[in-house]
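Engineer: This is the structure I want to talk about, given as structure tokens.
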Amino acid sequence: MRVNEELFAKITIAFSFVIMAVGGTFGLLQALNRVPFLSLPGALDVSDPTYYRILTCHGVCLAVAIPIYWITGLAAFVSPRILKVELDKRLLALSLAMMLVGGVMATIVILAGKANVLYTFYAPMTAHPGFYWGAALLILGSWVFIAAFVKQYLQWRRLNPGVGTPIAIYGLLATFIVWIEATTPLVITVLKDFIPMSMFGKHVDVLETRTWFWFFGHALVYFWLLPVVAMWYYLIPKKLGVPLFSESMAKVAFILFILASTPVGLHHQFTDPGLAAEYKFMHTILTLIVATPSMLTGFNILATMERGGRARGGNGLLGWLAKQPWKDPVYLGLVTSMIIFGIGGITGIINASYQLNMVVHNTAWVPGHFHMTVGNMVVIGYTTITYALLADLFKRKLISKTAAYSHILLWSIGLFIFSLAYYYVGLHGAPRRTSNIEYGGLLPSTWILPMEISAIGAILMFSGGVAAVYAVLGSLLFGKTKGVAIEGMKIGNPHPETTEFNPLLENLKMWVIFAAVLIIVAYIFPFYEIFSRGISPVPPVETGLS
Amino acid sequence: MANDEGIIYEYVWIVIVSAIVAGMAASLAYYGIALDLNPACNATPIDVGTLTENFQPGVKQLGPGIYQVNILAGQFFWNPNKIVLEDPVRIEFRITSKDVVHGFEIVGTNVNVMVIPGYVAEFVWEPPKNAQGKYLIICHEYCGVGHQFMKAELEIKRTNTLLSGDSINTTGDLGKFSEVKYLEFKGVIVDEG
């Protein structure tokens, strides 16, 4: 079979929504089963260890699999159209095969109950080797895609010297650079520690493997959200018919993401004994710095929206807000995802604030936070961008605009209820990743009511998710092939994609080298501490079997 | 495409953002350095194979109000699972795991430390003067099928009214908050007495 860009994008994007249906359903079951003293009817009652099996699946599917498939699909469709240079077809075919085989393999192992290790799979808990091989294959497959993407970009650069990189492509490049930064340490530890541990019983140092994991784990966050940021920059001005407020500042934001998204992983390990306060504090400062590009983005997009609203006749202090194209679900979704991300991002600063982290670490606060950030970016961001792709890529008419609106509305309202409840119980010490928080009736009474409210939020989120999956997969299967309910991306229209050439901003090679230096500086000290003290390996513990 | 109209506001915004970030960093540094409020950072490697000889779980009183508490975590227990301390001023915790990663949390306080097999976590907690009654200890890191059953209890008894301060909170609610201002995490290595 010949894999061209369109086929690649169609398969990966459609597959993302199949995964979303599975992972989202598990999410609802988890939220319901965590409510203290709630007895559920048979089919909804998930007892242990099934709870941890579906929790693993929820995390791996929604946080790792969907972003990889959807982002590569988006890039495969958008970049050849904007750059007018084709992607290498053989690399595309290889990448698709690796990603599908890897993802399906890992999912089967998880669903079979052979990998109840959650998405963080901390050693020395060990899963069936198929889980690690599947994950490795999925990630290496994404590297093959990135090779094709970079090859295409360099070819475009040779053909178009002295032209600024289009902002969508710039953002996708930043996304993939961050992904390479993130996954390199993951691949190292999976090949060096986890596969030998699960196949041959190798003893591994847990502190060391945790440090490798979080070296990956936070940059992963930026991989999730950068493509949506790129699409805010690309699509919002397009929908408004005005240029972006400041294209150079958008590129500065992406450079800051490239520099600071990876050397921050210790903020997930503040409470890990064995890592010095000085290094934890260094990562705290870098984490605060990585908040700046998001603040620059918020300003840039809002200023663009104001400019667009005024051009459409909005007057006064806030009159421009009423003149936005809110009736376009793509526009509504993009702006909604930005507002929610802003709120979620602020709670992330609390997580990252060193001493404050002791109050919220591993509590329900954390899922409250990341559903507002990554959950929102995937379910609102990815999905509404896919609505635009229905016209461009799938040549289908959106099956129901009502479904698209209900998706955005129900999911957002549900998310606010769910996350606020989780923030509250988290501040009161309720743990995350726990199937039952009753503790034989010893739980603080402050946990009960908010947990009940969170279930209502989860039901609304699930309803919104059903609407989203129906809007996308329903349109693909039953949508009309003629007519347009929602306009597509209008690539290359109305104005040319290329922009001014700024040598400093276009020299990505230099920024990647700076990023590498910063990462080495940030990680050489903690690793020196771990290895100079002498590692303390422990035997694997089989716990994935049910 | 270049449009310099209003670009001055963006520079103003960059200054504001930088000031916010610098202010937050400075306040965290102040708490860390001046008030010595840091997360648990000290650990001593230990061979999990020799835990039975080298690590004795239990409570030892080292002086008036000073306790050493050694806790062993495992699937799915804390040992000891009931800790009673009278008028604690300074509690020196030493915690390790015999199998997988666990998470030590005293609900309603800021005590929150990962328990990593192969390492003994060592930290000091100076409980707030109004801390009193029973506290729930849970495991907050997924550790296997029985993770949700892992719990223990810490009881703080107050006999000396001078030590317990003016504002005694006698609700006995397990979920009550400690006052952060008295709380201290120091990475102090505790010598075996």
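Engineer: Hey, among the residues in region B:100-121 that are under 23 Å from B:L62 (Cβ atoms) and more than 7 Å from chain A (Cβ to nearest Cβ), which one's nearest to the chain's Cα centre (by Cα)?
Structural biologist: In this case the residue turns out to be B:V111.
Every residue, every condition in (1) closer than 22 Å to A:L55 by Cα; (2) within 20 Å of the chain's Cα centre (by Cα), yes or no:
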site: A:T373; (1), (2): yes, yes
site: A:T384; (1), (2): no, yes
site: A:Y387; (1), (2): no, yes
site: A:T402; (1), (2): no, no
site: A:L410; (1), (2): no, no
site: A:F416; (1), (2): yes, yes
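Engineer: Go through A:G465, A:G429 for me and flag whichever is within 14 Å of chain B (Cβ to nearest Cβ) and either closer than 23 Å to A:Y52 by Cα or out of contact with any helix residue (DSSP H, G or I) (no Cβ under 7 Å at 6 or more places or on another chain) (or both). Explain how you work it out, then say what you get.
Structural biologist: Values: A:G465 fails: within 14 Å of chain B (Cβ to nearest Cβ).
When all the criteria are applied, what remains is A:G429.
Engineer: Taking the condition of being away from every other protein chain (no Cβ under 12 Å) and free of Cβ contacts under 8 Å to residues at least 60 places away in the same chain, how many residues in region A:223-258 meet it? Lay out the reasoning, then the answer.
Structural biologist: Just the residues of region A:223-258 that are away from every other protein chain (no Cβ under 12 Å), to begin with: A:223-236, A:238-241, A:251, A:254-255, A:257-258.
Adding the requirement that they be free of Cβ contacts under 8 Å to residues at least 60 places away in the same chain leaves A:226.
Number satisfying all stated conditions: 1.
Engineer: Among the residues of region B:34-48, are any without any contact (Cβ under 8 Å) to a residue 40 or more places away in the chain, closer than 27 Å to A:A291 by Cα and assigned to a helix (DSSP H, G or I)?
Structural biologist: Yes, there is a match, as at least one residue in region B:34-48 is without any contact (Cβ under 8 Å) to a residue 40 or more places away in the chain, closer than 27 Å to A:A291 by Cα and assigned to a helix (DSSP H, G or I).
Engineer: Just give me the residues in region A:311-335 being part of a helix (DSSP H, G or I), farther than 20 Å from A:T347 by Cα and in contact (Cβ under 8 Å) with a residue 12 or more places away in the chain, in sequence order.
Structural biologist: From region A:311-335, those part of a helix (DSSP H, G or I) are A:311, A:319-322, A:329-335; that's our starting set.
Now restrict to residues that are farther than 20 Å from A:T347 by Cα: A:311, A:319-322, A:329-334.
Of everything in region A:311-335, those that are part of a helix (DSSP H, G or I), farther than 20 Å from A:T347 by Cα and in contact (Cβ under 8 Å) with a residue 12 or more places away in the chain turn out to be A:A311, A:W320, A:L321, A:A322, A:P329, A:V330, A:Y331, A:L332, A:G333, A:L334.
Engineer: Here's another thing I want to ask about it. Only one of A:T347, A:T402 is part of a helix (DSSP H, G or I), without any contact (Cβ under 8 Å) to a residue 12 or more places away in the chain and surrounded by fewer than 24 Cβ atoms within 10 Å (Cβ to Cβ). Can you tell me which?
Structural biologist: Only one candidate passes the filter, namely A:T402.
Engineer: Identify, from the list B:L51, B:L62, the residue that is more than 11 Å from chain A (Cβ to nearest Cβ), modelled with pLDDT under 95 and surrounded by 12 or more Cβ atoms within 10 Å (Cβ to Cβ).
Structural biologist: B:L62
Engineer: Can you find, within region A:414-430, the residue that is farthest from A:N362 (Cα to Cα) among those that are crowded, with 24+ Cβ neighbours inside 10 Å and touching a strand residue (DSSP E or B) at 6+ places or on another chain (Cβ under 8 Å)?
Structural biologist: The residue in question is A:V425.
Engineer: Which pairs turn up if I take residues in region A:262-275 that are under 18 Å from B:N112 (Cα atoms) and look for partners that are among the basic types (K, R) with beta carbon separation below 7 Å, at least 6 apart in sequence or on another chain?
Structural biologist: What qualifies is A:L266/A:K280; A:Q269/A:R210; A:F270/A:K280; A:D272/A:R210.
Engineer: Now for a separate question. Looking at region B:50-64, is at least one residue touching a strand residue (DSSP E or B) at 6+ places or on another chain (Cβ under 7 Å), among the acidic types (D, E) and in the same structural domain as B:I156 (by TED's automatic domain parsing)?
Structural biologist: No, that holds for no residue.
Engineer: Further question on the same structure: Among the residues of region A:485-516, which ones are at pLDDT below 90 and among the hydrophobic types (A, V, I, L, M, F, W, C)?
Structural biologist: Result: A:A485, A:I486, A:M489, A:I491, A:F501.
Engineer: Being within 22 Å of A:V242 (Cβ to Cβ) and touching a helix residue (DSSP H, G or I) at 6+ places or on another chain (Cβ under 8 Å) is true for just one of A:I285, A:I289, A:I301. Which residue is that?
Structural biologist: On the way: A:I285 fails: within 22 Å of A:V242 (Cβ to Cβ); A:I289 fails: within 22 Å of A:V242 (Cβ to Cβ).
Checking each option against the conditions leaves just A:I301.
Engineer: If you don't mind, there's one more thing I want to ask. Collect the residues in region A:280-289 that are in contact with a Leu (Cβ under 7 Å, 6 or more places away or on another chain) and more than 7 Å from chain B (Cβ to nearest Cβ), keeping them in residue-number order.
Structural biologist: Of the residues in region A:280-289, the ones in contact with a Leu (Cβ under 7 Å, 6 or more places away or on another chain) are A:280, A:283-284.
If the condition is that a residue be in contact with a Leu (Cβ under 7 Å, 6 or more places away or on another chain) and more than 7 Å from chain B (Cβ to nearest Cβ), then A:H283 is the only one that fits.
Engineer: Is at least one residue of region B:13-35 in contact with a helix residue (DSSP H, G or I) (Cβ under 8 Å, 6 or more places away or on another chain) and either over 24 Å from A:Q355 (Cβ atoms) or loosely packed, with under 13 Cβ neighbours inside 10 Å (or both)?
Structural biologist: yes
The values are calculated or read from the model by the stated rules, or taken from the named source; none is laboratory data. Quantities reported herein were computed from a predicted structural model and do not represent experimental measurements. Reconstructed Cβ throughout: ideal geometry from the backbone, glycine too, with neighbour counts over all protein chains shown.
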